Amino acid sequence: MDKNLIQRTLSGIVYVAVIILCTTPLGAQLINSISPDLVKQQYLYYGLITFLMIVGSWECVKIMKFGNGYEKWVVFPVILVIFYMFSKRYFYHDFYFNFRLSEILALALILIAVITLFKYANELYFDSGKLIFTVIYVALPFSFALGLPKFSTYDNTFSLEVLFLFVLIWSSDTFAYLTGKFFGKHKMAPKISPKKTWEGYIGGVVLTLVLSYFVEHYQPELRGNWMVVGFLVAAFAPLGDLVESQLKRNFAVKDSGNIIPGHGGVLDRLDSFLICAPVVYLYFILEKFI
């Protein structure tokens, strides 16, 4: 058997297992079965997001090839300060109970960063532009990801929104790939991602909506309507892939890293999550006011 296939399979299994253990109560239950009351699930999730954000930020800095100016040394302190501000909201349950107008501005900055990458890429060849883009593209999405789940310290509960967000992203990618492979004829973005087709995109949307129907039906305790979440994920997940592909293309990089053997780096694996997490968070905000 191909060694690369074995490597990809094993590392993929470990990756999925880590996601499941850190986004569901299973992680805390497993650890606490060994040593009671050792950890709360919200800390496992927070640790996962913190780790992914730090590694993803490092990968982005390497991709964009920062110079030796002050920007290279300032980028991580800025990211940590921003993440600290969101972290306080996470542990005080402020995401769920309060809404801040500044969140709309932060979410709008992600859109502006994406537009800049595709339309005004020359701005990203300056270290100041690289600094701003890294903070917005990596730090803000992971920070908003802290606002997706609900949890209770008193009865040690942790909701499953993030787990099913990952499930829908994986299904969207898989369905789009399979549909495109068998029926794809019209290229979506041939210069950025030659394998993506409009037929695959439509197939990903339709089949992800089917899966999200079952999520909505069998997981009624989740926040929001998961038919809507499924549509948002299927619509925006391919954009996340195109954004990261365009970023690597602009700086002539093949993979963002190699932390997941056979699969690349954090940005390679979570490119769709970086776009879908803030989009779904925005939906959860708006859904409360409807």
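Quick test of the membrane-span-like rule: which DSSP H helices of the chain reach at least 15 Å along their long axis (C-alpha atoms) with mean Kyte hydropathy at least 1.6?
The qualifying helices are 101-119.
Solvent-accessible surface (1.4 Å probe) assigned to S272 amounts to roughly 0 Å². Placing +1 on the Cβ of every Lys and Arg and -1 on the Cβ of every Asp and Glu, with no other charges, gives the stretch 3-288 a dipole of roughly 820 debye about its Cα centre. Rolling a 1.4 Å probe over the protein heavy atoms leaves V229 with an accessible area of roughly 0 Å².
Report the relative contact order of the chain, percent, no decimals, based on alpha-carbon pairs under 8 angstrom and at least 6 residues apart.
Across the chain, relative contact order equals 22 percent.
Residues T174, T24, sorted by accessible area with the largest first, give T174, T24 [1.4 Å probe; ligands and nucleic acids excluded].
For F66, neighbours were defined as the other residues whose beta-carbon sits under 15 Å from its Cβ, and their charges (Lys and Arg +1, Asp and Glu -1) total 0.
Among L232, L207, the sequence by solvent-accessible area, most first, with a 1.4 Å probe is L207, L232.
Decide, for the stretch 171-256, between rounded, prolate and oblate: order the square roots of the alpha carbon gyration tensor eigenvalues as a ≥ b ≥ c, take rounded if a/c falls under 1.5, and otherwise choose prolate if a/b is larger than b/c, else oblate.
Here the stretch 171-256 falls in the oblate category.
Shape of the chain from its Cα gyration tensor (a ≥ b ≥ c, root eigenvalues): rounded if a/c is under 1.5, otherwise prolate when a/b > b/c, or oblate? Taking the square roots of the gyration eigenvalues as a ≥ b ≥ c, the chain is rounded. When nucleic acids and ligands are ignored and a 1.4 Å probe is applied, D241 ends up with an accessible area of around 40 Å². In this model, which of K119/K248; K72/K254; K62/K195; K65/K248; K150/K288 are farther than 19 Å apart at the alpha-carbon? The pairs that break the limit, which is 19 Å between Cα atoms, are K72/K254; K62/K195.
Near the amide H of A189, under 5 Å away, which other amide H atoms are found, from residues 5 or more places off or on another chain, if H is placed in the peptide plane? Residues meeting the criterion, in which the H sits 1.01 Å from N, are K196.
Within the chain, the longest run free of exposed loop sites, counting chymotrypsin sites (Phe, Trp or Tyr not before Pro) that sit outside DSSP helix and strand states (H, G, I, E, B) and have at most 12 other Cβ atoms within 10 Å, spans 155-290.
The values are calculated or read from the model by the stated rules, or taken from the named source; none is laboratory data. In this text the structure is predicted, and so the values were computed from the model without any measurement. Ideal geometry is used to build each Cβ from the backbone, glycine not excepted, and the neighbour counts take in all protein chains shown. What goes into the accessible areas is simple: the full protein's heavy atoms, side chains included, and nothing from ligands, DNA or RNA. Shrake-Rupley method; radii C 1.70, N 1.55, O 1.52, S 1.80 Å.
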